[in-house]
Amino acid sequence: QVQLVESGGGLVQAGGSLRLSCTASGTIFTANFMGWYRQAPGRQRELVATITSGGSTTYADSMKDRFTISGDNAKKTVFLQMNSLKPEDTAVYYCYAVVRRTLLSGLDHYWGQGTQVTVST
């Protein structure tokens with residue numbers, strides 16, 4: 001089994017910063033792709049940022065100038081540095097990973113439990 005454990009959420013004032021982290025544990029041969037999505041109340045889950053094991057990144061347009069995703073392949077950990085936070089960034093942030101559990105297995109998808117980020121005015 002694979003688990004994604006997130007940390008770093010919390011309450012911050014507008015303009016502030018937070019750093020989220022997510023570590024994948026369990027039987028993992030490679031973590032091919034990790035990322036962050038978020039879901040605000042009453043809204044669909046949306047992409048925040050992703051990173052491949054090779055370091056290629058993707059960002060949602062509305063966040064690419066304020067958020068930075070990075071990863072540590074050896075530790076199977078992904079980070080999301082969020083700066084200049086706005087009240088509209090308030091959401092539950094979910095870690096997502098696509099992993100290969102063994103050399104011969106296919107790719108499996110996993111979600112973390114989510115961490116709440118609240119940005120006050």
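For 36, 111, the ranking by accessible surface with the largest value first comes to 111, 36, using a 1.4 Å probe. Partners of residue 64 within straight-line reach, counting aspartates and glutamates whose Cα lies under 17 Å from its Cα and excluding those fewer than 8 residues away in the same chain: 46, 88, 89. Computed over segment 22-83, the P(r) curve from all C-alpha pair distances, binned at 5 Å from the origin, holds 4, 18, 28, 22, 16, 9, 4, 0 percent per bin. A 1.4 Å probe, protein heavy atoms only, puts the accessible area of residue 108 near 60 Å².
With the largest listed first and rounded to whole Å, the semi-axes of the equivalent ellipsoid of the chain from the Cα gyration tensor are 26, 14, 12.
Could you work out what % of the accessible surface of the chain is carbon and sulfur, using a 1.4 angstrom probe and leaving DNA, RNA and ligands out of the count? Walk me through the numbers before you get to the answer.
Working: 3090 of 6430 Å².
After summing per-atom areas, the C and S share lands at 48 percent.
Roughly how far apart, in whole Å, are the Cα centres of segment 1-20 and segment 27-90? Segment 1-20 and segment 27-90 have Cα centres spaced 11 Å from each other.
So what is the accessible area of segment 34-96 per residue, in Å², with the probe set to 1.4 Å? Provide the component values of the computation, followed by the final result.
Values: 3150 Å² over 63 residues.
Roughly 50 Å² per residue, with all protein chains present.
If you plug the beta carbon distance of residue 25 and residue 116 into 1/(1 + (r/R0)^6) with R0 = 30 Å, you get a FRET efficiency near 0.90.
For residue 17 and residue 53 in the same chain, what is the full-extension length gain: residue separation times 0.36 nm, less their Cα-Cα distance, in nm? Could you put the intermediate results ahead of the total?
Working: separation 36, 0.36 × 36 = 12.96 nm, distance 2.54 nm.
Between residue 17 and residue 53, full extension yields an extra 10.4 nm.
Please list 38, 101, 45 in order of solvent-accessible area, largest first, computed with a 1.4 Å probe with all protein chains present. Don't jump to the answer; show the numbers that get you there.
Details: 38 20, 101 65, 45 95 Å².
Heavy-atom accessible area, descending, gives 45, 101, 38.
The values are calculated or read from the model by the stated rules, or taken from the named source; none is laboratory data. What you are looking at is a predicted structure, and each value in this text was computed from that prediction instead of being measured. Note that each Cβ is placed from the backbone with ideal geometry, even for glycine, and that neighbours are counted across all protein chains shown. The accessibility values were calculated without ligands, DNA or RNA, using every heavy atom of the protein model including side chains. Shrake-Rupley method; radii C 1.70, N 1.55, O 1.52, S 1.80 Å.
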